[in-house]
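A.B. asks: Quick one: the structure is below, questions incoming.
The values are calculated or read from the model by the stated rules, or taken from the named source; none is laboratory data. The structure presented is a predicted model; accordingly, all values stated were derived computationally and were not measured. Heads up, the Cβs are rebuilt from the backbone with ideal geometry, glycines too, and the neighbour counts pull from every protein chain shown. Surface accessibility is based on the protein's heavy atoms, side chains included, excluding ligands, DNA and RNA. Shrake-Rupley method; radii C 1.70, N 1.55, O 1.52, S 1.80 Å.
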Amino acid sequence: MEVINFAETPSLVSQYMSELRDVNVQSDMLRFRRNLERIGEIMAYEMSKRMRYKTVDVTTPLAVAPSQVLDEQVVLATIFRAGIPFHKGFLDYFDHAQNAFVSAYRKYREKENFDVFIEYIASPRIDGKTLVIADPMLATGSSMDLCYRALLTKGEPAHVHVASIIASRKAIDYVKATFPADKTTVWVGAIDEVINDHSYIVPGLGDAGDLAYGIKE
């Protein structure tokens, strides 16, 4: 399983990541959402280089031009609610993609222990398609795993791309242990080594959903 960590090569993603983390910038919800979108767009472009293409003839006003077009059916999946702007970044580039949406939530049994539950899924069939699962914060990996297993009720994808803004080292190891290694690629803006007792990534950036859409009750 290949893990592509954008933090290993400085780029514009580094700038957007800095703004997402910075407490002096992230209070601007519009900018926070847009930075999630931007990173989604860049990841989509980089993913597209790994996909299969076919040659078609396109008629211009003057002649016929051979062109390369995507020859894979992409399904973009995300986990509510923090994943919505990240998902939009992917959809802006994979504009012919089908879409899937999953609602997952943490139910705390006590202060530092919780279970993750899936309560809603809306997805097309994914048999033989390229599945991209976008979730900004990959803390423990359990939500991503449950989302993937819920989507498997809609078929078996040909390849899976797991995309996150920030992942913990623990979550990366969890994904490596639970996803099919021969057909999964992981894309992350950064990998942080620490996860605290509340399963928040440290230094991380805080609660991505609250920063994008306001503090929930």
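A.B. asks: Checking the conditions here, which among 72, 8, 19, 37 is more than 19 Å from residue 126 (Cβ to Cβ) and out of contact with any helix residue (DSSP H, G or I) (no Cβ under 8 Å at 6 or more places or on another chain)?
C.D. replies: 8
A.B. asks: Looking at 140, 130, which one is at pLDDT 95 or above, β-branched (Val, Ile, Thr) and either within 18 Å of residue 82 (Cβ to Cβ) or crowded, with 20+ Cβ neighbours inside 10 Å (or both)?
C.D. replies: The conditions single out 130.
A.B. asks: Now for a different question. Examine segment 162-178 for a residue that is under 20 Å from residue 48 (Cα atoms), open to solvent by 10 Å² or more (accessible area, probe 1.4 Å) and at pLDDT 95 or above, and state whether such a residue exists.
C.D. replies: The answer is no; no qualifying residue exists.
A.B. asks: Need a quick list: strands (runs of 3 or more DSSP E) entirely within segment 23-93 having at least 3 residues that are in contact (Cβ under 8 Å) with a residue 40 or more places away in the chain.
C.D. replies: 74-80
A.B. asks: Could you say whether any residue in segment 35-54 is more than 26 Å from residue 11 (Cα to Cα) and in contact with a Cys (Cβ under 9 Å, 6 or more places away or on another chain)?
C.D. replies: no
A.B. asks: Determine whether residue 182 is assigned to a helix (DSSP H, G or I), out of contact with any strand residue (DSSP E or B) (no Cβ under 8 Å at 6 or more places or on another chain) and over 12 Å from residue 3 (Cα atoms).
C.D. replies: yes
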